[in-house]
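Presented below is the structure to which this report refers.
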Amino acid sequence: MRIPLVQIAAAPAGDALLRVVSSRHAGVHGRARRDFRMVSRARGSGDPAMSSRNAQLAKIHIAKKALALDDDAYRNILWTIARVRSARDLDDAGRRRVLDHFRACGWRPAPRAKRRHHAGAPHNIDSEERGPMLRKIEAYLAEAKRPWAYADGMARRMFHVDRIALCSPAQLHNIIAALEKDARRHNRYRGVK
């Protein structure tokens, strides 16, 4: 018995799909084997609309918790604003209206957290000119499990500059080259970008 290579069952948006994969030689005595896997449409699809939907739904549930709404009050708000009983059933306009209502009720989204750097990071790691090179140096140091003091020592030895934060872009480029050479030597190089 031979099963079609791939069959995908139709499913509503956001639900999982059922994928049937056959293998001619799998199993005992050459019987075809069925491999059932649940594949989520939302994850790994790369669909920007789906990620925006998920982000908006997450904000709705965060706002519900922040405003301390019980389930009945929350569902009544959804019904009043969008005529649905579940956030899952909201369309894009409905999600925006619900979020606007929660903002009118006093909810404010928390500001995004600043990007964390390793201890001892230079003060100018987020600068426009040197920032990308310093973040690349940070990646090499993290890969090698070395502190920023190691990079400061490199700046001292190579250029007689006290700290890496004071290096010019050309000097930072040379430090990156040295760290890349070190990573290759110790088989840690993965093409840090």
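Remarks
- All told, Gly44 falls short of being at pLDDT below 65 and either in a helix (DSSP H, G or I) or surrounded by 13 or more Cβ atoms within 10 Å (Cβ to Cβ) (or both).
- Residues located in the range 120-165, provided they are assigned to a loop (DSSP other than H, G, I, E, B) and either among the polar types (S, T, N, Q) or surrounded by 19 or more Cβ atoms within 10 Å (Cβ to Cβ) (or both): Ala121, Pro122, Asn124, Ile125, Ser127, Arg130
- Within the range 163-193, being more than 14 Å from Met133 (Cα to Cα) and in contact (Cβ under 8 Å) with a residue 24 or more places away in the chain holds for Arg163, Asp182, Ala183, His186, Arg188, Arg190.
- Residue ranges of helices (runs of 4 or more DSSP H) in the range 48-108 with at least 2 members in contact (Cβ under 8 Å) with a residue 40 or more places away in the chain and within 24 Å of the chain's Cα centre (by Cα): 48-66, 92-104
- Subset of the range 74-119 that is at pLDDT 80 or above and farther than 23 Å from Ser52 by Cβ - its residue that is surrounded by the most Cβ atoms within 10 Å (Cβ to Cβ): Arg75
- Of the candidates Arg146, Arg135, Arg156, Arg112, the single residue that is outside the structural domain of Ala63 (by TED's automatic domain parsing) and touching an Asp or Glu at 6+ places or on another chain (Cβ under 7 Å) is Arg156.
The values are calculated or read from the model by the stated rules, or taken from the named source; none is laboratory data. Just so it is clear, the model here is predicted, and its values are computed rather than measured. A quick note on method: Cβ atoms are made from the backbone with ideal geometry, for glycine too, and the neighbour counts reach across all protein chains shown.
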